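This report refers to the structure that appears directly beneath it.
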Amino acid sequence: MSSGDSRMEGSGDRRMEDDVPQPRQPRNLQDLVRYSIEAGPSQPHETQEIQDNLTLERKLFLEEALQSLTEDVTKELAEAIATLQKYQSTDEDYSSYESALDIIADRVDNIDCANDFCKLGGFDVVPACLSSCCSGIRWRMCDVIAQCTQNNPFCQEYVVKHLFLESLLNMVDKDPDEKCRTKAFFAVSSVVRDCQQGLKEFLRLDGFSVVLRAMQSPIERLRNKSTFFLSSILFQHPEIIGDVFNMGFVEQLVALIHNEHSPVHEHIISTLLTISKSYTPAQVECRRPELKLRSSLTYLLQQYQHDDAFREEMGYIKELMNLIFSDDSEEER
């Protein structure tokens with residue numbers, strides 16, 4: 001299970017922001033050997049050779065060490081959960097709860113640890129943490145949910161079944177803290193992507209309306225995450241493109257193209273292309289003169305077509321222009 005953007009912020013917040021891959025805790029002898037090799041001077045291709053040459057005595061020693069490590073991680077999770085179970089909204093010092101959530105998040109990027117967290121009753125503390133008056137507790141719990149559910153069907157199904165998705169969507173929409181809103185969207189994305197039950201619940205809760213508002217947010221990270229999520233989910237589920245079109249996403253995507261150029265433009269244009277290729281009414285919408293889409297795309301081509309860093313984006317632009325404007329006889333003013 002991978003993690004996402006950098007999680008390191010502030011002196012008291014030593015964790016990375018969303019999705020930077022972190023080293024996984026080894027869970028078996030092969031993992032432990034690989035973990036040791038990657039931490040040392042050896043090359044990865046030596047893993048099998050070293051494993052083959054281990055004596056029985058050394059194997060037993062390593063297996064005992066691994067068992068101890070696994071037990072230590074489980075104990076750590078149980079102790080952190082016990083700390084969170086003591087949470088009271090009237091508490092004046094929240095640092096112990098924040099530390100407990102940091103410990104959990106540092107462990108549950110491993111899928112087995114995430115499942116252990118769930119089986120130990122860790123998700124029982126979610127409602128209290130998401131409704132906490134302390135933003136540090138709220139965003140950390142969102143991060144834990146995101147780490148647990150990313151590419152993990154067991155935890156995804158648990159979160160959907162216990163209706164946490166509604167609380168997370170409400171946080172994306174209404175939380176007063178920017179980091180809480182961004183982390184909540186990270187959690188929503190982790191629950192919904194590659195999870196049919198999660199997508200069904202997301203649609204029932206009118207989740208795309210939340211995505212549309214997130215794309216209009218003044219919070220740059222939230223805009224970027226929501227745009228990337230839309231691109232990914234429509235690519236995986238083209239059957240919902242018509243519904244997305246009817247909500248006004250084409251006009252919103254075109255408006256985002258007019259913004260100052262940034263790396264997220266590639267996802268914006270890719271998403272607009274996906275919608276337009278799959279849904280003819282979207283092509284008609286894109287041709288509306290007042291949207292000034294042709295002039296914006298032409299400008300981007302002129303500015304960046306010779307820059308290899310934007311090769312994919314330029315390819316999307318050319319394909320989109322050929323699809324939308326190839327039959328037009330008049331230039332857009």
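About its Cα centre, the dipole of segment 71-204 is roughly 580 debye, where the only charges are +1 on Lys and Arg Cβ and -1 on Asp and Glu Cβ. Going by accessible surface with a 1.4 Å probe and the largest first, LEU293, LEU205 read LEU205, LEU293.
Packing-wise, with mean Cβ within 10 Å as the measure, how do 100-108, 275-283, 249-257 rank, highest first?
Top of the packing list down: 100-108, 249-257, 275-283.
In straight-distance terms, cross-link reach from LYS75 covers every one of the lysines whose alpha-carbon lies under 18 Å from its own, apart from those fewer than eight places away in the same chain; here that gives LYS86, LYS119. Taking every C-alpha pair closer than 8 Å and separated by at least 6 residues, the mean separation divided by the residue count of segment 206-328 gives a relative contact order of 23 percent. When all protein chains stay in place and ligands, DNA and RNA are ignored, the 1.4 Å accessible-area order of ASP243, ASP327, largest first, is ASP327, ASP243.
Among 208-218, 129-139, 230-240, sorting by the average number of other beta carbon atoms lying within 10 angstrom of each residue, highest first, gives 129-139, 208-218, 230-240. Of interest is the spacing of the C-alpha centroids, which for segment 70-100 and segment 269-333 amounts to 51 Å.
Pairs exceeding a 20 Å alpha-carbon distance, out of LYS225/LYS277; LYS174/LYS225; LYS161/LYS225; LYS179/LYS225: LYS225/LYS277; LYS161/LYS225.
The values are calculated or read from the model by the stated rules, or taken from the named source; none is laboratory data. The structure presented is a predicted model; accordingly, all values stated were derived computationally and were not measured. Cβ: placed from backbone, ideal geometry, glycine included. Neighbour counts: every protein chain shown. All accessible areas refer to the heavy atoms of the entire protein, side chains included, with ligands and DNA or RNA removed. Shrake-Rupley method; radii C 1.70, N 1.55, O 1.52, S 1.80 Å.
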